[in-house]
Amino acid sequence: MSCLRVQTKAFTKGFSMPLTRLFSTGPQLFQAETDTKFTDFGYKQVPEADKEKLVHGVFSSVASSYDVMNDAMSMGIHRIWKRHMINKLDCGMRASSGEPLQFLDVAGGTGDIAFGLLDHAKEKYGDTQSKMIVADINADMLKEGERRSKKTVYADSPRIKFMVQNGEKLDAIPDNSIDVYTVAFGIRNFTDKQAGLNSAYRVLKPGGIFACLEFSKVQDPVLDYFYQIYSFSCLPMMGQFIANDRESYQYLVESIRKHPDQETFANMIRKAGFYVPGKGYENLTFGVAAIHVGVKL
């Protein structure tokens, strides 16, 4: 007999009617409280149902200054990291193929990875046919990407589509329809990262490539000490100065610390079903960021 049942029986002894009659909402209230699932929002614990709304608020706040934010958080190196990932993937329709690629850039609202991938395909392989879907849960970020696209050769092009999508579900993306899935500085904000990885596996074609660029864990403890001082002391203050928004930058710094380390995240990618070559990741700038790669066999 459970402890709860013993206590209930002791408490109800002497009453002529059942406990559920005396306190008719008690069991339901207790059940509702125990059913609430919590997750991290930076260092805070919040109900899972609330995190999406909270993250949406952060990125709506920083959408117009997103590149400035990444410049602050990476000391300007994020542009080099993104270019390195694009070159590493080396994607583009080969002349011998004749079949255009279908790219999907998740949490890619501002479009810099998307534009970079299409540019690389054209410049290296003469590929002017492959198509791109830019998916983001935040419509404000997508609007920023569409605004920027007007200044590129992809302005009003049928080759690029901006789509509001939850990266954990991707319910508008068919199974086995994507050749290359990328996500840069986005997956750490997912409520359920494993669900996001599972969806990536679902939408990719057999042979398709998953690539994730994300802030990670600095490997050297001395360097990490100084990096944390910079992150927690300087970045929120810079957020206040740059965007008049200290809280969003504080969350973004905390979200980096809460994101799984390189080995743990590589194993999550394996768990989703991907073949992970070698150790599965490449550290960038001593592990401040890392590129993770998986292949759907």
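The radius of gyration of the Cα set in the stretch 38-295, together with its Dmax, comes out at 17.6, 53 angstrom.
Evaluating 6.51 cos²θ - 1.76 cosθ + 1.60 at θ = phi - 60° for every residue in the stretch 205-220, the Karplus couplings come out as 6, x, x, x, 10, 9, 9, 10, 10, 8, 4, 9, 10, 5, 7, 7 Hz, glycine and proline recorded as x.
Our coupling estimate for the stretch 108-119, obtained by passing each phi through the Karplus curve with A = 6.51, B = -1.76, C = 1.60 and θ = phi - 60°, is x, x, 6, x, 5, 5, 4, 4, x, 5, 5, 4 Hz, Gly and Pro reported as x.
The listed peptides 196-209, 152-165, ordered by packing as a protection proxy, come out as 196-209, 152-165 (highest mean of other Cβ atoms within 10 Å first). Taking every C-alpha pair closer than 8 Å and separated by at least 6 residues, the mean separation divided by the residue count of the stretch 38-295 gives a relative contact order of 19 percent.
With Cβ to Cβ distances under 14 Å as the rule, what net charge do the other residues near Asp175 carry (K, R +1; D, E -1)? Computed value for this residue: +2.
The tail of the calculated P(r) for the stretch 87-183 beyond 18 Å holds 42 percent of all Cα-Cα pairs.
Taking every DSSP beta bridge that has both ends in the stretch 38-295, the antiparallel portion is near 45%. Among the listed pairs Lys151/Lys193; Lys169/Lys296; Lys51/Lys271; Lys37/Lys88, those with a Cα-Cα distance over 29 Å are Lys151/Lys193; Lys37/Lys88. Less than 5 angstrom separates the built amide H of Thr39 from those of Val46, Glu48, all sequence-distant by 5 or more or on a different chain. Centre-to-centre separation between the Cα atoms of the stretch 234-270 and those of the stretch 101-155: 24 Å. Around the amide H of Gly208, modelled in the peptide plane, lie the amide H atoms of Lys296, all under 5 Å away and 5 or more residues distant in sequence or on another chain. Other residues with beta-carbon under 11 Å from the beta-carbon of Glu263 carry, at +1 per Lys or Arg and -1 per Asp or Glu, a net charge of +2.
Charge tally around Ile291: other residues with Cβ under 12 Å, Lys/Arg +1 each, Asp/Glu -1 each, net +2. Dipole magnitude for the stretch 102-241: about 280 debye, using +1 per Lys or Arg Cβ and -1 per Asp or Glu Cβ, origin at the Cα centre.
Close amide-amide hydrogen proximity is noted between Lys217 and Gln262, each under 5 Å apart and 5 or more residues distant or on a separate chain (H modeled in the peptide plane; Pro and chain starts excluded). Rolling a 1.4 angstrom probe over the stretch 38-295 with all protein chains present gives an accessible area of which 55% lies on carbon and sulfur atoms.
The values are calculated or read from the model by the stated rules, or taken from the named source; none is laboratory data. Predicted, not measured: the structure shown is a model, and the values here were computed from it. Every residue, glycine among them, receives a Cβ derived from its backbone with ideal geometry; neighbour counts consider all protein chains shown. When the accessible area is computed, the model is the full protein with side chains, heavy atoms only, and any ligands, DNA or RNA have been set aside. Shrake-Rupley method; radii C 1.70, N 1.55, O 1.52, S 1.80 Å.
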